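Heads up, the thing below is written out as structure tokens.
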Amino acid sequence: MLRADGIKPTYEAIEATRQALGLEGPVYMQYVNWLLRVLQLDLGVSYSSGRPVFMELMSRFPATAALTAGALLVALLVALPLGIGSALYPGSLLDRLGRVCTLLSVSMPGYWLSLLLIYYGGVKLKLLPVTGMGEPSSLVLPSIALGFGLSGIYIRLIRTSLLDILGKLYIKAARAKGLAGWAILAKHAFRNAWLPSMTLLGIHVSALLGGSVVVETIFSWPGIGKYAVDAIFAKDYLVIQGYVLLMALVVVLVNLAVDLLHMLLDPRIRLR
Amino acid sequence: MFQTRLLRTGAARVGAAIVLLFLLVGLLAPWIAPSDPLQIHMEHKLSLPSLEYPLGTDHLGRCVLSRLIYGTRTSLFYSLAALAGVFSISVPIGLLAGYAGGKIDHLIMRIIDILLAFPSLILSLAITAVLGPSIKNLLIAFVAVWWTGYARVIRGMVLQIKESDFIMAARAAGTSHFKIVVRHILLNTSRPILVLTSLEIGTILLSLAGLSFLGLGAQPPTPEWGVMLNDSRPYIQTAPRLMLFPGLTIMLAVLGFNLLGEGLKPADQGLPEPRKEGVSP
């Protein structure tokens, strides 16, 4: 980075930078010092921008979090009706629509869907803003682009787990004692059918919070995935380090949240 | 028996037909392409579909149809190469971990866990960035990141087969470990591995084209679907058909492989879990 302007650095300059970056002393001391700084939320300074890495990451994280929420909302809005409908009426038109949707969702390249959305949503019909994060409505297109790709697997998962539950004896028992159809679904079937989707949801939340490079690039979304990739290309090690640390934290927290939700939904799972 | 299963459903038949079509197009590219995919005709740039250029020309006046046809070669060839690379690492390692068990298994699985903990796209991007963007380096990065999951699945299959009676019988008859692994275990895992392959090749194709789209894989002027999509981006307002055709081609190819993979999979399974059918009759 000292050679960035093409001038050979002096010995003093190299030493000063070494000190500034905490590369003095034995490796284990460097590590302890680094840990102590991390605990104070000091992840160092980005080589390329000169701003603190923590601030940079935090300024981009909300954009990615918003996109994550939007994408999951789209995925569930598509998957819930189709998944539930196709499980309740197997072989129906709805079931077939669900199958087609699943196939499209897993076969459609996300980057192509993004371009199609930009063309039809933004350029041709001029309905929605296509780049940046100026207003709330600019969240719509990137959310669809990300969310549709996820919806297929949920349609299938919801269908399979609900069909599985609906075949259980306790559903038959509930029906036999004369419970209304909606009550059986709401109280007995759904609560059990959620669990597999919940686990997958956890995996997707942590993956999405890592940022989607493709969608963020196409829609010029100021998110964290694009930032991390730019940092990789610029060999901005402290930013990469900070990103990895943040992702590890996100994965741990999301997993914890999923476990807690599982306990809430299924009383059989309890801490020992 | 394999054949009848494969063509059991209509969807699988459609998938097989699509895959066959793409394979033929890739093989016969030089004979069926209407013009040279690299020939630049600036005087014809961005022209509409015509008899000479059935799908029109791109921003450099190159024939879009010919580029798509030659792109089939690039995409299919590199997807298959990636798949071969992934399996040439994951199959031996999965076999070793599953059959050896104990400390070796433990060590291998922990290494895989560490690699799996890292976001795969970011890791392959990082490797490509260090090696420099080219399709060869992309393949290296891709294989380095993707083998882990398969090794794990294969290990699971081996663990199951290892316990079967015929393995014990082979041991008792004095068959060497090497022969057991190759003749009995590998042979019995080969069918689920094949199913897994056909299910995954669509995903691999999609990812490779996506990375090329980001500029990390095939480099222009190579005719490749992802590159063509990326090239079309500046002309999204003036010539949207440029992004329509490559995208449609990618989707059709992936759809074909997915349908075929679904058809190969046993009917009772909802999601890809080849571990279930460990021992085939």
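Looking only at the range B:34-58, how many residues end up being without any contact (Cβ under 8 Å) to a residue 60 or more places away in the chain, part of a loop (DSSP other than H, G, I, E, B) and surrounded by 19 or more Cβ atoms within 10 Å (Cβ to Cβ)?
Number satisfying all stated conditions: 1.
Would you mind telling me which numbered condition in (1) at negative phi; (2) in a loop (DSSP other than H, G, I, E, B) B:Gly61 fails?
Single failed check for B:Gly61: (1).
Just wondering, is there one or more residues in the range B:186-193 that are within 12 Å of chain A (Cβ to nearest Cβ), surrounded by fewer than 22 Cβ atoms within 10 Å (Cβ to Cβ) and not acidic (Asp, Glu)? Outline the logic, then answer.
The initial filter retains those residues of the range B:186-193 that are within 12 Å of chain A (Cβ to nearest Cβ), namely none.
For the range B:186-193, residues within 12 Å of chain A (Cβ to nearest Cβ), surrounded by fewer than 22 Cβ atoms within 10 Å (Cβ to Cβ) and not acidic (Asp, Glu): absent.
Quick check on the range B:212-229: of everything there that is facing another protein chain (nearest Cβ under 10 Å), crowded, with 24+ Cβ neighbours inside 10 Å and not small (Gly, Ala, Ser), which residue is farthest from B:Pro37 (Cα to Cα)?
So the residue we want is B:Leu216.
Taking A:Ser212 as meeting all but one of (1) at the interface with chain B (Cβ under 9 Å from one of its Cβ atoms); (2) surrounded by fewer than 19 Cβ atoms within 10 Å (Cβ to Cβ), write down the number of the exception.
It fails just one condition, (2).
Which one is nearest to the chain's Cα centre (by Cα), of the residues in the range B:230-243 that are facing another protein chain (nearest Cβ under 8 Å) and not hydroxyl-bearing (Ser, Thr, Tyr)?
Restricting to residues being facing another protein chain (nearest Cβ under 8 Å) and not hydroxyl-bearing (Ser, Thr, Tyr), the top hit is B:Met243.
Among the residues of the range A:23-35, is there at least one that is of a type outside the set (S, T, N, Q) and touching an Asp or Glu at 6+ places or on another chain (Cβ under 7 Å)?
no
Can you find a residue that is within 27 Å of A:Ala228 (Cβ to Cβ), outside any helix (DSSP H, G or I), within 14 Å of chain A (Cβ to nearest Cβ) and without any contact (Cβ under 8 Å) to a residue 60 or more places away in the chain anywhere in the range B:103-113?
Scanning the range B:103-113 turns up no residue that is within 27 Å of A:Ala228 (Cβ to Cβ), outside any helix (DSSP H, G or I), within 14 Å of chain A (Cβ to nearest Cβ) and without any contact (Cβ under 8 Å) to a residue 60 or more places away in the chain.
Inside the range B:198-211, can you point out the residues that are more than 25 Å from A:Ile232 (Cα to Cα) and either more than 9 Å from chain A (Cβ to nearest Cβ) or touching an Asp or Glu at 6+ places or on another chain (Cβ under 6 Å) (or both)?
Residues satisfying the conditions are B:Ser198, B:Leu199, B:Glu200, B:Ile201.
Just checking: which of the helices (runs of 4 or more DSSP H) contained wholly in the range A:51-118 hold 3 or more residues that are away from chain B (no Cβ under 14 Å) and of a type in the set (A, V, I, L, M)?
Per the criteria, A:53-88, A:93-107.
Check A:Gln19 against each of (1) surrounded by fewer than 12 Cβ atoms within 10 Å (Cβ to Cβ); (2) polar (S, T, N, Q); (3) assigned to a loop (DSSP other than H, G, I, E, B) and name the one condition it does not meet.
Just one mismatch for A:Gln19, condition (3).
Here are the criteria: (1) at pLDDT 80 or above; (2) within 30 Å of B:Val227 (Cβ to Cβ); (3) more than 14 Å from every other protein chain (Cβ to nearest Cβ). Tell me which single one A:Ala189 does not satisfy.
So the condition that A:Ala189 fails would be (2).
Yes or no, residue by residue, for (1) more than 30 Å from B:Ala12 (Cβ to Cβ); (2) free of Cβ contacts under 8 Å to residues at least 12 places away in the same chain; (3) under 32 Å from the mean Cα position of the chain (by Cα):
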position	(1), (2), (3)
A:Thr10	yes, yes, no
A:Glu15	yes, yes, no
A:Val32	yes, yes, yes
A:Val38	yes, no, yes
A:Leu43	yes, no, yes
A:Gly50	yes, yes, yes
A:Ala65	yes, no, yes
A:Thr68	yes, no, yes
A:Ala71	yes, no, yes
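Determine if the range A:163-183 includes at least one residue that is of a type in the set (A, V, I, L, M, F, W, C), farther than 22 Å from B:Ser124 by Cβ and crowded, with 21+ Cβ neighbours inside 10 Å.
No, because not a single residue in the range A:163-183 is of a type in the set (A, V, I, L, M, F, W, C), farther than 22 Å from B:Ser124 by Cβ and crowded, with 21+ Cβ neighbours inside 10 Å.
I'd like the full set of residues that are of a type outside the set (D, E, K, R), surrounded by fewer than 24 Cβ atoms within 10 Å (Cβ to Cβ) and within 11 Å of chain B (Cβ to nearest Cβ), limited to the range A:216-226.
Result: A:Thr217, single match.
Of everything in the range A:38-64 that's surrounded by fewer than 14 Cβ atoms within 10 Å (Cβ to Cβ) and of a type in the set (D, E, K, R), which residue is nearest to A:Tyr243 (Cα to Cα)?
Looking at the filtered set, the residue picked out is A:Asp42.
Write out, first by first residue and then by second, each pair whose Cβ atoms fall under 8 Å of each other, whose residues are 6+ apart or on separate chains, and whose first residue, in the range B:227-240, is touching a residue at least 12 places away in the same chain (Cβ under 8 Å) and closer than 21 Å to B:Ile69 by Cα while the second is crowded, with 21+ Cβ neighbours inside 10 Å and of a type in the set (Val, Ile, Thr).
Hits for this filter: B:Met228/B:Val64; B:Leu229/B:Ile250.
Within the range A:123-143, how many residues are over 21 Å from the mean Cα position of the chain (by Cα) and either at pLDDT 85 or above or at the interface with another protein chain (Cβ under 9 Å from one of its Cβ atoms) (or both)?
2
Check off (1) without any contact (Cβ under 8 Å) to a residue 24 or more places away in the chain; (2) more than 30 Å from B:Arg241 (Cβ to Cβ); (3) more than 21 Å from the chain's Cα centre (by Cα) for B:Pro30 and give me the number that stays unchecked.
Just one mismatch for B:Pro30, condition (2).
Name the single residue that is nearest to A:Leu195 (Cα to Cα) among those in the range A:231-245 being out of contact with any helix residue (DSSP H, G or I) (no Cβ under 6 Å at 6 or more places or on another chain) and more than 10 Å from chain B (Cβ to nearest Cβ).
Checking each candidate, the answer is A:Leu245.
Taking the range B:115-133, which residues are outside any helix (DSSP H, G or I) and at pLDDT 75 or above?
Result: B:Gly132, B:Pro133.
For the subset of the range B:124-136 comprising residues that are within 14 Å of another protein chain (Cβ to nearest Cβ) and surrounded by 16 or more Cβ atoms within 10 Å (Cβ to Cβ), which member is nearest to the chain's Cα centre (by Cα)?
Ranking the candidates gives B:Ser124 first.
Looking only at the range B:1-33, count every residue that is loosely packed, with under 12 Cβ neighbours inside 10 Å, in a helix (DSSP H, G or I) and at pLDDT below 80 and tell me the total.
Going through the range B:1-33 one residue at a time, the tally reaches 4.
The values are calculated or read from the model by the stated rules, or taken from the named source; none is laboratory data. Source: prediction; values computed, not measured. Note that each Cβ is placed from the backbone with ideal geometry, even for glycine, and that neighbours are counted across all protein chains shown.
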